[in-house]
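Working notes for the structure below.
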Amino acid sequence: MATLKTVLHPKINKEGEKLYRLALRVTANRKISYLHLGYNVDPSDWDPEAEKIKKSHPKYSHLNRLIRKKYDQLEDVIFESKSSKTPLSARQIIDAIRERKKSKTFFDFADEHVSDLRRAGKHNRAISDNSKINRIEEYLGNRNLSFQDIDEAMLKKMKTYLKANKDLSERSVMNIFVLIRLLFNAAIRAEVVEQKYYPFGVGRVRIKYPDSKKIGLNKDEILSIEQLELDEGTPIWHTRNVFLFSFYLAGIRISDVLRMKWGDIVEDRLHYQMGKNDKIDSLMLPLKAISIINQYDKGKKSKSSFIFPELKGVDQKDSKAMYSRLKTGTKKINKYLKEIGEMAEIKKTITSHIARHSFGHIAGDQVSPQMLQKLYRHSHLSTTIGYQSNFDHTKTDEALNNVLNF
């Protein structure tokens, strides 16, 4: 009969110091083996009777979860051994869970990743990442892929295949590489693959996005949209309101605009959580933005009701239904934006996302990069500088004219 116990296993290191390694002790047929969990713990942070880390340890919650997880895995092996009447030694019990862990493939991690996204209500990203996983499977022709098989040669061949046979852009291929990198790092943390097999980084495969073309509307084009005579209450009138509201607030994503509730506005200030990365932000509403939401005041029932109509009536606890309604609403908005562009005689293609580009184009060099970083809700200033470089061509235009002024 095998038994388990969580202990601190002492060891003397090369410097003569006594360390206490967090471990699970397996005893079978009077012989003992240890499964070390990779952490040293001071005895003052250990509760030997409860076999758990005390709250005095800064990572007590994480370590206690780790103990439970590994304990359950070992218990499962012991139970299976008993049920099948196949006795195992203490070392064989520990080796069994190590073999199970190492046998997990790339697609095992990929499927778990997509499932986790769906459970978290991140359906848009789940669909996007699942599509990337399908591309990888299409290239391989099967789902038999270990992490050790993902090397520089394999990634380069897959890139060539996806661009030549599937007509994917460089940016799309890089997005697939980013997902592979994310899953590879997860596998390293789970000790499924060793760090030495990591195919990305200096001297290996580099993930670099190509420059993308970002075109925004200018002041005259925004004014043309503002001045269009549209019948109040019509879908195209509503579309203009949503687009301009996004533009007036430095290009807030349309999905975030549609999720806004009356309770998010306090004393003409908007407090909201970004759907893309869950960041909390706050902006003072410009007068033009206030004028727009005042037109929807009749539909205000409570602080928890949505300002704009796309999500009204949907079960807010049903993340899949919310995602579906947002997708449908955005599609309709883009359809009517095309009509708005034609009515305003704007030759540029107008989509919901161009509101953000338009703000950047008009801001130019009038606003400091630090202030734009706050308005765009970017985590890093370098992102803002790179983004804004798509729109501010004043100095290069002047330099070109100066050279040719003869």
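Summary table
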| quantity | calculated |
| --- | --- |
| Scope region 295-313; condition loosely packed, with under 15 Cβ neighbours inside 10 Å and of a type in the set (A, V, I, L, M); matching residues | none |
| Test set (1) touching a residue at least 12 places away in the same chain (Cβ under 8 Å); (2) outside the structural domain of Ile176 (by TED's automatic domain parsing) - Leu230 fails condition number | (1) |
| Selection count, region 158-184, where residues are part of a helix (DSSP H, G or I) and either free of Cβ contacts under 8 Å to residues at least 12 places away in the same chain or in contact with an Asp or Glu (Cβ under 7 Å, 6 or more places away or on another chain) (or both) | 6 |
| So Lys104, is it surrounded by 12 or more Cβ atoms within 10 Å (Cβ to Cβ) and within 30 Å of Thr27 (Cβ to Cβ) | yes |
| Lone qualifier among Ile188, Ile180, Ile215 - being surrounded by 10 or more Cβ atoms within 10 Å (Cβ to Cβ) and modelled with pLDDT of 95 or more | Ile180 |
| Every residue from region 351-369 that is at pLDDT 65 or above, part of a loop (DSSP other than H, G, I, E, B) and over 24 Å from the mean Cα position of the chain (by Cα) | Gln366 |
| Ile254 being surrounded by 20 or more Cβ atoms within 10 Å (Cβ to Cβ), in contact (Cβ under 8 Å) with a residue 24 or more places away in the chain and either touching a strand residue (DSSP E or B) at 6+ places or on another chain (Cβ under 6 Å) or in the same structural domain as Thr328 (by TED's automatic domain parsing) (or both) | yes |
| Selection within region 285-299 - in contact with a strand residue (DSSP E or B) (Cβ under 6 Å, 6 or more places away or on another chain) and at pLDDT below 85 | none |
| Flag for Asn218 being in contact (Cβ under 8 Å) with a residue 60 or more places away in the chain and within 30 Å of Ser358 (Cβ to Cβ) | yes |
| Any hit, region 111-124, residues being exposed (fewer than 14 other Cβ atoms within 10 Å of the Cβ), assigned to a helix (DSSP H, G or I), free of Cβ contacts under 8 Å to residues at least 12 places away in the same chain and basic (Lys, Arg) | yes |
| Residues located in region 329-350, provided they are in contact (Cβ under 8 Å) with a residue 60 or more places away in the chain, assigned to a helix (DSSP H, G or I) and closer than 25 Å to Asn124 by Cα | Gly329, Thr330, Lys332, Ile333, Tyr336, Leu337 |
| Test for Leu326: is it modelled with pLDDT of 90 or more, of a type in the set (A, V, I, L, M, F, W, C) and either outside any helix (DSSP H, G or I) or under 29 Å from Arg269 (Cβ atoms) (or both) | yes |
| Tally of residues being touching a Lys or Arg at 6+ places or on another chain (Cβ under 9 Å) and either at pLDDT below 85 or among the aromatic types (Phe, Trp, Tyr) (or both) across region 79-99 | 1 |
| Of all residues making up region 1-25, the number that are within 39 Å of the chain's Cα centre (by Cα) and under 19 Å from Leu88 (Cβ atoms) | 5 |
| Count of residues meeting criterion [part of a loop (DSSP other than H, G, I, E, B) and exposed (fewer than 13 other Cβ atoms within 10 Å of the Cβ)] in region 69-101 | 4 |
| Count - residues of region 294-347 that are of a type in the set (Gly, Ala, Ser) and under 15 Å from His238 (Cβ atoms) | 2 |
| Identity of the residue in region 306-323, without any contact (Cβ under 8 Å) to a residue 60 or more places away in the chain and assigned to a helix (DSSP H, G or I), that ends up nearest to Ala355 (Cα to Cα) | Glu310 |
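Residues are listed down the side, and each one gets a yes or a no for (1) closer than 30 Å to Phe243 by Cα; (2) hydrophobic (A, V, I, L, M, F, W, C):
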| position | (1), (2) |
| --- | --- |
| Leu183 | no, yes |
| Ala186 | no, yes |
| Gly201 | no, no |
| Tyr209 | yes, no |
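The values are calculated or read from the model by the stated rules, or taken from the named source; none is laboratory data. These figures come from a predicted structure and were not determined experimentally. Positions of Cβ are backbone-derived with ideal geometry, glycine not excepted, and every protein chain shown enters the neighbour counts.
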